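See below for the structure under consideration.
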Amino acid sequence: MAYKPEKGIGKIIFSSSLGTLIEWYDFYIFGMLAKTISIQFFPEGNSSAALLSTLAIFAAGFLVRPFGALFFGRLGDLVGRKYTFLLTLILMGASTFLIGLVPGYKTIGLAAPLLVLLLRLIQGLALGGEYGGAATYIAEHAPAEKRGYYTSWIQTTATLGLFVALGIILLVKANMSEVAFNAEWGGWRYPFWVSILLVGLSIYIRLKMKESPMYAALKAEGATSINPIKESFGHKANFKMVLLALFGAVMGQGVIWYTGQFYAQSFLENTCKVDFIQSRSILLWAIAFATPFFLFFGWLSDKIGRKWIMLAGMLLGVIFYRPIFSIFLKDTDAKEWKKQDLVIIKSDTIHLVLSDSITTKYKNYDGAKFIEIKKDTVTNIQNMNNVIIKTYKYDVKPRYINKEFGRKRYIKFIFLVWIMIIFVTMAYSPIAAFLVEMFPTKIRYTSMSLPYHIGNGVFGGLVPFIATLLATTFTKDPLVGLWYPIGVAFLCFIIGAFYLTNKINNDVND
Amino acid sequence: MNTIKKIMGIAWITIAPAIIYILVMGAIHNINDAGTKDINKPIPWVIIITIFTPIALGLMIFGYYALTGEYDKPPERSDEL
């Protein structure tokens, strides 16, 4: 073949990665704005809207993503990588932009949640097809000895997409009031509209790209697959590798990825009651400092092999998740904060008929702040010469919310989240090269897309659901939800350690 | 090493139906009209059990392949696939 692997590789990586980053951005903003979207499109008390809301959350991630992987994977192996991942980008961009244009439930009724559900399903479908195409495209351009490093650029996109989504939402929020942001045609729609500009730019760049040289050669020889799905999953020799990829690598990587980047932030906000902006800014900083390690571990995987780097990321998660999350709980325990010297910034009491709600805002010496809400129950009311005397049963379990750290603890939390994202970079960075090397060119797109999206979409995406299930069943341990990612990562580590080979397949032109 | 891989195959075959059993029991115990969480709604369970059944079946097949020595020597080139 006359193709020189490294010619124009920077441009190829940039064009592929930009589009994938934008697709991740599009997919995330829906999840991050779920609360506002739910108010606008899925109002409480309407059972049909609630059903559509549940479908939008669960069907898009769990059902449609793997289906998108099959549909677009097949297309990518039949007609080529370039046009397929151009199509996924167009579908993703258009559906994201249109979500931003759908009038709210108040204006068009049930049509609003129906439209949003449909567009969300298209988003899930497009995401299912994008990653496999972009990873395959870069890998098929890369020289063997740098395949891990070059494909690690595509691995940064999922994390950077999250970073950009978080950044844009925080930026919009910072420039308007809460009411203006949450209004029917308010600021929450801007991140959706921004998408069309980003996608337009990316489509323009991708249109100029050429087909993958390996796939083009295969097509010129007339050696492409006639039925990629049958060849991928119907032939035992290839199907057993699909199963090995899923259970020995991607399943564990998916839960490590989700726990480090989503569950950690959600735990800080919902369980530890850390302030909205601070919990997100901790994640933003941690991502910013950890992202270069995607490239480092991609590069390292070219030197020492993919297997042990991925498995080390999983094992570290298994070992350190509980200690790290225990620190989160311990350091956000407001009862401990109350033992320090505190200053009351503001205190309000609302007198209710049978209780008094007392809200007190505290601040301590290092700048940490929190709000305590006590609800003292009135057990007796006496009228003594026109003076009302209330007897109280004092609230022994006050709630503590909106916790803001002082500088020292804020940095400590960034460091802890950073450590977990380092586990992500280890488990995730070599995975594109690893998957590409596992399957032959003619069915590569199909074969690698399905295990990737089952591992990430299903196993990873289920972390919050299973965590809630465990927390509801075993109420004594506040960290019980972590046993799901720990268990899956450990199982995957065992399978990977025994069944995977660490050999780098230099020749993917087969 | 190959003997361990084969023995572990039995574990994978056993784990798969256990996962489905746990999910079905989880659904039976948690679906509740009065509940407000996702785990109390039937739709997520239907979707999850639907998607996990073929995955668990895949784990069983993986275990069967391991037991029959299919992973003793992984293929290195596509003409071996």
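The values are calculated or read from the model by the stated rules, or taken from the named source; none is laboratory data. Remember, it's a predicted structure, so these values are computed and weren't measured experimentally. So basically every Cβ, Gly included, is an ideal-geometry build from the backbone, and we count neighbours across all protein chains shown. Keep in mind that these areas ignore ligands, DNA and RNA; they rest on the heavy atoms of the full protein, side chains included. Shrake-Rupley method; radii C 1.70, N 1.55, O 1.52, S 1.80 Å.
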Selection within region A:302-325 - over 19 Å from the mean Cα position of the chain (by Cα) and within 29 Å of residue A:145 (Cβ to Cβ): A:302, A:303, A:304, A:305, A:306, A:307, A:308, A:309, A:311, A:312, A:315, A:316
Filter region B:36-70 down to residues that are within 9 Å of chain A (Cβ to nearest Cβ) and not in a helix (DSSP H, G or I) and give me whichever is farthest from residue A:465 (Cα to Cα). B:70
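Could you check region A:110-151 and list, in sequence order, the residues that are in a loop (DSSP other than H, G, I, E, B) and closer than 24 Å to residue A:430 by Cα? Talk me through it step by step, then tell me what you get.
In the first step, residues of region A:110-151 are kept if they are in a loop (DSSP other than H, G, I, E, B); the result is A:110, A:140-143.
If the condition is that a residue be in a loop (DSSP other than H, G, I, E, B) and closer than 24 Å to residue A:430 by Cα, then A:140, A:141, A:142, A:143 are the ones that fit.
Being within 13 Å of another protein chain (Cβ to nearest Cβ), open to solvent by less than 10 Å² (accessible area, probe 1.4 Å) and among the aromatic types (Phe, Trp, Tyr) narrows it down to one residue among A:439, A:434, A:459; which is it?
Values: A:434 fails: open to solvent by less than 10 Å² (accessible area, probe 1.4 Å); A:459 fails: open to solvent by less than 10 Å² (accessible area, probe 1.4 Å).
Exactly one residue qualifies, and that residue is A:439.
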Of all residues in region A:486-501, which are out of contact with any Pro (no Cβ under 6 Å at 6 or more places or on another chain) and within 11 Å of another protein chain (Cβ to nearest Cβ)? A:487, A:488, A:491, A:494, A:495, A:497, A:498, A:499, A:500
Criterion violated by residue A:72 - all others in (1) surrounded by 20 or more Cβ atoms within 10 Å (Cβ to Cβ); (2) among the hydrophobic types (A, V, I, L, M, F, W, C); (3) under 30 Å from residue A:179 (Cβ atoms) satisfied: (3)
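Against the definition (open to solvent by 20 Å² or more (accessible area, probe 1.4 Å) and modelled with pLDDT of 85 or more), how does residue A:352 come out, yes or no? Spell out how you get there, then give the answer.
On the way: open to solvent by 20 Å² or more (accessible area, probe 1.4 Å): yes; modelled with pLDDT of 85 or more: no.
Judged against the criteria, residue A:352 is not a match.
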Just one of the numbered conditions (1) modelled with pLDDT of 90 or more; (2) among the aromatic types (Phe, Trp, Tyr); (3) surrounded by fewer than 20 Cβ atoms within 10 Å (Cβ to Cβ) is not true of residue A:3; which one? (1)
In region A:1-109, which helices (runs of 4 or more DSSP H) lie fully inside it and hold 1 or more residues that are away from chain B (no Cβ under 14 Å) and under 30 Å from residue A:448 (Cβ atoms)? A:9-32, A:65-79, A:81-99
For residue A:133, indicate whether it is over 19 Å from residue A:205 (Cα atoms), open to solvent by less than 10 Å² (accessible area, probe 1.4 Å) and in contact (Cβ under 8 Å) with a residue 40 or more places away in the chain. no
Might you let me know whether region B:16-34 holds any residue that is within 7 Å of another protein chain (Cβ to nearest Cβ), in contact with a helix residue (DSSP H, G or I) (Cβ under 7 Å, 6 or more places away or on another chain) and exposed (fewer than 15 other Cβ atoms within 10 Å of the Cβ)? no
Select from region A:163-188 the residues that are more than 20 Å from the chain's Cα centre (by Cα), open to solvent by less than 50 Å² (accessible area, probe 1.4 Å) and of a type outside the set (A, V, I, L, M) and write down the one among them that is farthest from residue A:265 (Cα to Cα). A:184
What residue, of B:5, B:73, is at the interface with chain A (Cβ under 10 Å from one of its Cβ atoms), within 21 Å of residue A:501 (Cβ to Cβ), touching a residue at least 24 places away in the same chain (Cβ under 8 Å) and not β-branched (Val, Ile, Thr)? B:5
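With A:95, A:53, A:48 as the choices, which residue is closer than 23 Å to residue A:184 by Cβ, open to solvent by 30 Å² or more (accessible area, probe 1.4 Å) and among the hydroxyl-bearing types (Ser, Thr, Tyr)? Let's see the steps before the verdict.
Values: A:95 fails: open to solvent by 30 Å² or more (accessible area, probe 1.4 Å); A:53 fails: open to solvent by 30 Å² or more (accessible area, probe 1.4 Å).
Just a single option satisfies the conditions, and that option is A:48.
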So which residues in region B:47-81 are open to solvent by 60 Å² or more (accessible area, probe 1.4 Å) and at pLDDT 90 or above? B:50, B:53, B:54, B:57, B:60, B:64, B:67, B:68
The one condition residue A:319 fails out of (1) surrounded by 18 or more Cβ atoms within 10 Å (Cβ to Cβ); (2) free of Cβ contacts under 8 Å to residues at least 12 places away in the same chain; (3) aliphatic (A, V, I, L, M) is (1)
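List the helices (runs of 4 or more DSSP H) that sit entirely inside region A:190-277 and contain at least 1 residues that are surrounded by 20 or more Cβ atoms within 10 Å (Cβ to Cβ) and small (Gly, Ala, Ser). Don't jump to the end; show me each part of the working.
Working: elements: A:190-207, A:213-220, A:228-233, A:236-245, A:251-258.
Where helices (runs of 4 or more DSSP H) fall fully within region A:190-277 and carry at least 1 residues being surrounded by 20 or more Cβ atoms within 10 Å (Cβ to Cβ) and small (Gly, Ala, Ser), they are A:190-207, A:228-233, A:236-245, A:251-258.
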Being over 16 Å from residue A:405 (Cα atoms), of a type outside the set (D, E, K, R), touching a residue at least 24 places away in the same chain (Cβ under 8 Å) and assigned by TED's automatic domain parsing to the domain that holds residue A:430: is that true of residue A:256 here? yes
Can you tell me which of (1) under 13 Å from the mean Cα position of the chain (by Cα); (2) more than 7 Å from every other protein chain (Cβ to nearest Cβ); (3) open to solvent by 20 Å² or more (accessible area, probe 1.4 Å) is the one residue B:12 doesn't meet? (3)
From the set of residues in region A:391-431 that are at pLDDT below 90 and β-branched (Val, Ile, Thr), which is most open to solvent (accessible area, probe 1.4 Å)? A:396
Scan region A:215-247 residue by residue and report those that are more than 9 Å from chain B (Cβ to nearest Cβ) and within 24 Å of the chain's Cα centre (by Cα). A:245
What are the pairs with Cβ atoms under 8 angstrom where one residue, in region A:372-384, is assigned by TED's automatic domain parsing to the domain that holds residue A:355 and the other, located anywhere, is among the aromatic types (Phe, Trp, Tyr) and in a strand (DSSP E or B)? Sequence gap at least six, or different chains. A:372/A:362; A:372/A:400; A:373/A:400; A:376/A:392; A:377/A:392; A:378/A:392; A:379/A:392
Any residue at all in region A:328-341 that's assigned to a strand (DSSP E or B) and without any contact (Cβ under 8 Å) to a residue 24 or more places away in the chain? no
